[in-house]
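To start, the structure itself, in structure tokens.
The values are calculated or read from the model by the stated rules, or taken from the named source; none is laboratory data. Quick caveat: nothing in here was measured; it's all calculated off a predicted structure. Note that each Cβ is placed from the backbone with ideal geometry, even for glycine, and that neighbours are counted across all protein chains shown. Quick note on the areas: whole protein, heavy atoms, side chains included, nothing else; ligands and nucleic acids left out. Shrake-Rupley method; radii C 1.70, N 1.55, O 1.52, S 1.80 Å.
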Amino acid sequence: MKQRFIILSSLIVALVILLLPTSSGHAQQLADHYVHSTTPTLFFHGFGGSTKSEQYMVDGIMTAGVSKTAIVADVSGSGQVTLEGTIPHNAVNPLVEVNFENNQDTNYSEQGKWAKNVIVKLQNTNHFKKINIEAHSMGNLAVMYYLLANAHNKKLPQLQKEVALGGPFDGAMGWNQPSDLKSVNAKTGKPSAMNGSYRKLLPLRHFYPRQVQVLNVYGDLGTGDDSQVSNLSSKSFRYLLNNRPRSYREIRLTGANVKHELLHHNPQVNQILIKFFWGK
């Protein structure tokens, strides 16, 4: 009799535990405030960066309950991609942190090939048909050169939303920004001067994908720059798009954590990303 009572009590306790709300259950409840999609969002770091550059954003997004799945796509110096972690079938809003082991390569065409390798790897592994992209700093050039070579390729996952964060589209200060870059046309985004890399991207004006929603976010320390990239260089993104995207919007950030190297550690940026990518 005593043994039966112990067994029955254990079963009742186990049932109660199963019915209690869990932390993952709470995360799911939070996730109900956001769009539920199987489309992955890829994060590309900038010059000298790594997944450490992306971790604050990814952690914030997961803490908000937007997603419970994050993996790393590690890209070797030769462009070979290794996925660290797996994306379950029908995972909600999966996140992919892209890591270029050669993180100081300024060959943008090569970086564009690496970006394609990541996307193809995800496609072959999970059969994704759509993707979103966030890129910080020079990661934006990897994305743009990927599109330059592949925007016509309908066999690849199609880009849906793109966020440029501190994008040095027409160069970085003290390095490859044209010395005579003095203005950007307020209506078209055309810069008064263009560096060689920017000129190579001009064909995108004729075939940048029309279905994409684009958000251009940059910091202003009160000097018209974020200490490394001028607002003029970031705003020149508009000219490369040539009114082709489904939508385009710019957000100029001021205040704390808008220095170039801090933009990806900015709570305001996290909120912007969450609302843009997954807001209902």
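Brief remarks on what is shown
- Per residue, the accessible area of the chain comes to 49 Å² when a 1.4 Å probe rolls over the protein heavy atoms.
- Dividing the convex hull volume of the alpha-carbon atoms in the stretch 79-177 by its residue count gives 103 Å³ per residue.
- FRET E, pair Lys182, Leu221, Förster distance 25 Å, beta-carbon r, rounded to 0.05: 0.85
- Unsatisfied cross-links (Cα-Cα over 31 Å) in the set Lys52/Lys161; Lys121/Lys182; Lys68/Lys116; Lys52/Lys121; Lys190/Lys275; Lys130/Lys235: Lys121/Lys182
- Most simply put, the chain has about 20% antiparallel DSSP beta bridges, counting only bridges with both residues inside it.
- The fraction of all Cα pairs in the stretch 130-193 landing in successive 5 Å bins from 0 to the largest distance is 4, 15, 20, 21, 20, 11, 7, 2, 0, given as whole percents.
- Computed about its Cα centre, the charge dipole of the chain is approximately 1160 debye, with only Lys, Arg, Asp and Glu carrying charge at their Cβ.
- Alpha-carbon centroid distance for the pair the stretch 45-117 / the stretch 150-192, whole angstrom: 21 Å
- Debye log10 I(q)/I(0) for the stretch 82-129, one point scatterer per Cα, at q = 0.15, 0.17, 0.22 Å⁻¹: -0.46, -0.57, -0.85
- Beta-bridge orientation, the stretch 201-274: approximately 10 percent antiparallel, per DSSP, counting only bridges with both partners inside.
- Size descriptor, Kirkwood hydrodynamic radius, that averages inverse alpha-carbon separations across the chain, Å: 19.9 Å
- Taking only Cα atoms of the stretch 142-280, radius of gyration then Dmax in Å: 14.7, 44
- Full extension of the chain segment joining Trp175 with Asn102 gains 24.3 nm, where the gain is 0.36 nm per residue of separation less the Cα-Cα distance.
- Extent along principal axes [Cα atoms of the stretch 220-280; Å; largest to smallest]: 31, 29, 15
- Amide H contacts of Ala193 (H built 1.01 Å from N, in plane; Pro and chain starts excluded): Lys182, Ser183 sit under 5 Å, all sequence-distant by 5 or more or on other chains.
- Within the stretch 39-104, DSSP assigns beta bridges of which about 30% are antiparallel (rounded to the nearest 5).
- Pair Gln55, Phe207: separation of 7 Å Cα→Cβ label points (nm): 4.0 nm
- Surface composition of the stretch 177-263: carbon plus sulfur atoms hold 45% of the accessible area, using a 1.4 angstrom probe and ignoring ligands, DNA and RNA.
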